[in-house]
Amino acid sequence: MDNSTVGGQNQTKAVSSPGLRAEAAVYFYAFNVALLMVVGKGYLAGVPTGTSWSGWVATLLAFTANFAMWAIVPLVPVLLTLLARRLWITLTTAVVLFTLLNLFVYADSIIYRLWRFHFNGMVLNLLTTPGAGDSVTAGSSTVLTTVMIIASILAAEVGLAVCACRLPGKWKFLPGIRTGKAITFSCLAFVALIVADKAVYDVGDLRSDTEIVRLRNLLPLYQTVTMKRFATRVLGLKIAPAPTLQLRGISGSLDYPKSPIRFRSSGPRPNILIVAIEGARFDMLTPTVMPFLSQWGATNLVCEENYSAGNTTRYGIFGLIYGLYGTYWQRAVAEHHGPVLVSALKELGYQFRILSCTDLNFPEFRQTAFLDVPGAITDSWTCPRVDRDRLMTDEFIKFVDEKRDPFFAFLFYDASHQPYHYPPAHAVFDVGNVTEDLNYIQLASNLSGMAHIKNRYKNSLHYTDAQIGRAIRALEERGLMDNTLIFICGDHGEEFGELGLFGHDSAFHRYQTQTLMVAHIPNEPPQQIQRMTSHIDIPPTILTYMGVENPLSDFTEGLPLTSKQVQPYTLIASWSDAAIVDRDAIITFGLEAYKADLTILNHDNVPLPNQRQALAARQAELLDALGSMRRFAK
């Protein structure tokens, strides 16, 4: 046997030795901690402007430590493969698991940069619920960029594995870590990093330092260790509690309505039309963007400060049909509990027509809002998406011609959903080179192209406005306006970088939650309603007009639009958060036990400097909101 053969066998044995395989696994770990920090750099976009240098130091320490802990998860099964005594098994496992981890972190960081939340129940719904594709579409450029990112991460992992195969001969410039001293030093360095991070967080938590405490929401699955109870009980320190909103006692099933709905026998039985427009925010009601609705509003009621019940469709429409705050949504879904408005009208013999340009399985309105009238629903279309708004309007006009009085109709226009659809005739605003193929990954890195994307949105609203005009004129031409209640609003708002975000479902400020609202109530003079109104005001407006005998507290937290009473605040819900919005501030709080903190922001979405003082000034408001969130729960 020649020397070259002996050398090759020795190298094969060396590469396959447990020590070298363990060394390769540890290098994989170190490399991937660095790679995770690169692919997850998008999280740092959530650090507010004006953060102090100490805040940045704490953030970067937590950023590093968090990914050091994340990388332990795939490292454990990789180390277990050492028992197989095959280097290729160890390296293959490392490539697969670390690639999957990096892809998850990258995807989550994109979600966070665009919408300021992490992978959650909403994202899971988008991936698993039938009909979700109607609400969220990824363009081909997004898919292409995603493929390139996957290929890049996989190439880096495979390249590292190839190098590991030639470890003894090619990696001599790297320090060996098989010695007891090297292993001990590496473990101590890891422990020191984690301990330093948790110690800094704990000190910040004791001081209620918002720059530190916000880390638990900034970083995915960031693990915190606090010692407030120990510091108070054992060390005798006096620690002011952080602002929180105690949500004890609001669980349970729906107690709604409190009593069966009763009407005066002589009360009117008007036709009712509710029109919801995807993302139609408050400042789009202008002659250039929505010419028909602007002109029509001048002879009817316009709510100048109307808020949705949520910053996303499910909560906005829930409030619009139920007259309840969106915090009751989960109970309604779990119990398949329909709205009072629909059940009361059904008992009165109303005819129903529910038309939607998007699948009502997502959100789950077939199981909630329109549970009692499944035969009245049309939400499936075989035409191109851009044609749905027009064909849905055709269906409504056909219904008006064939209907019998009285009727309830609900129309949900969806052209103004991303990526904002419209036919060429409505291209009234310049969109540059922006097409329907929006690249969300590029948007997460750069919001500078928002002007042209926003113009696509305006064009889509211009198109929807024309369809609403056709629907209203059909009622006018048939002489139905004197006996028809009409409410037209956005389901929520839509942001285009005004306060640093895109779309909706990521904040509670005006661009994502304040919508247009135009109403027609027979015999009501034209007026601009200046007080704060909400989607939850629509059911009490309808039922009060019809002569309901129950007190409002039996079935709603809202007020009729015609009421002179002023609501000091409104409550807006999202998946795991909610906000109390008044004229001066936005008070955000978590709806889950793991998100018990509370933050008070101004209307530019910036935290107020003295949180405790701002909280103290709103104690009555917070207590009233808690009562509202409990009122309809058993």
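What follows draws every value from the coordinates through simple rules; no lab data is involved. For clarity, every value in this text was computed on a predicted model and none was experimentally measured. Every residue, glycine among them, receives a Cβ derived from its backbone with ideal geometry; neighbour counts consider all protein chains shown.
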- Query: Relative to the present Cα-Cα distance, how much length would full extension add between Lys398 and Ala451 at 0.36 nm per residue of separation?
  - Reply: 15.3 nm
- Task: Rounded to the nearest Å, what's the spacing between the alpha carbon centres of segment 415-440 and segment 508-563? Just the number, please.
- Result: 32
- Message: For Glu305, what residues show an amide H to amide H distance below 5 Å, using hydrogens built from the backbone and excluding near sequence neighbours?
- Response: Thr533
- Item | Candidates per trypsin sites (Lys or Arg not before Pro) in segment 431-512, loop by DSSP, up to 16 other Cβ within 10 Å | Arg478
- Query: If you take the beta carbon distance between Thr92 and Phe190 as r and set R0 to 25 Å, what does 1/(1 + (r/R0)^6) give as a FRET efficiency, to the nearest 0.05?
  - Reply: 0.50
- Message: 7 Å from Cα along Cα→Cβ at both Lys258 and Val57: what's the point-to-point distance in nm?
- Response: 5.6
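Measure up Lys346/Lys634; Lys258/Lys346; Lys398/Lys454; Lys198/Lys634; Lys41/Lys198; Lys346/Lys398 against 29 Å on the Cα-Cα distance and list the ones that go over.
Correct reply: Lys398/Lys454; Lys198/Lys634.
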- Query: How many angstrom lie between the C-alpha centres of segment 598-622 and segment 367-398?
  - Reply: 42
- Query: Of the GluC sites (Glu not before Pro) in segment 555-634, which ones lie in a loop per DSSP and count no more than 13 other C-beta atoms within 10 Å?
  - Reply: Glu592
- What distance in nm separates the simple spin-label points at Leu348 and Leu499, each placed 7 Å from Cα in the Cβ direction? 3.7
- Quick one: which residues, 5+ away or cross-chain, put their amide H under 5 Å from the amide H of Leu608? H built at 1.01 Å from N. Ile600, Leu601, Asn602
- Query: Length gain on complete extension for the stretch Met148 to Ala298, per 0.36 nm per residue less the alpha carbon to alpha carbon distance?
  - Reply: 48.8 nm
- Mean-position separation - Cα centroids, segment 484-504 and segment 25-72, in angstrom: 34
- Item | Pairwise FRET efficiency - Val203 versus Val162, Cβ, R0 = 30 Å, nearest 0.05 | 0.10
- Item | Two-site label geometry, Val606 and Ser380: point separation in nm, points 7 Å out along Cα→Cβ | 5.2
- Query: For His336, what charge total do you get from the other residues with a beta carbon under 14 Å from its beta carbon, if Lys and Arg give +1 and Asp and Glu give -1?
  - Reply: -1
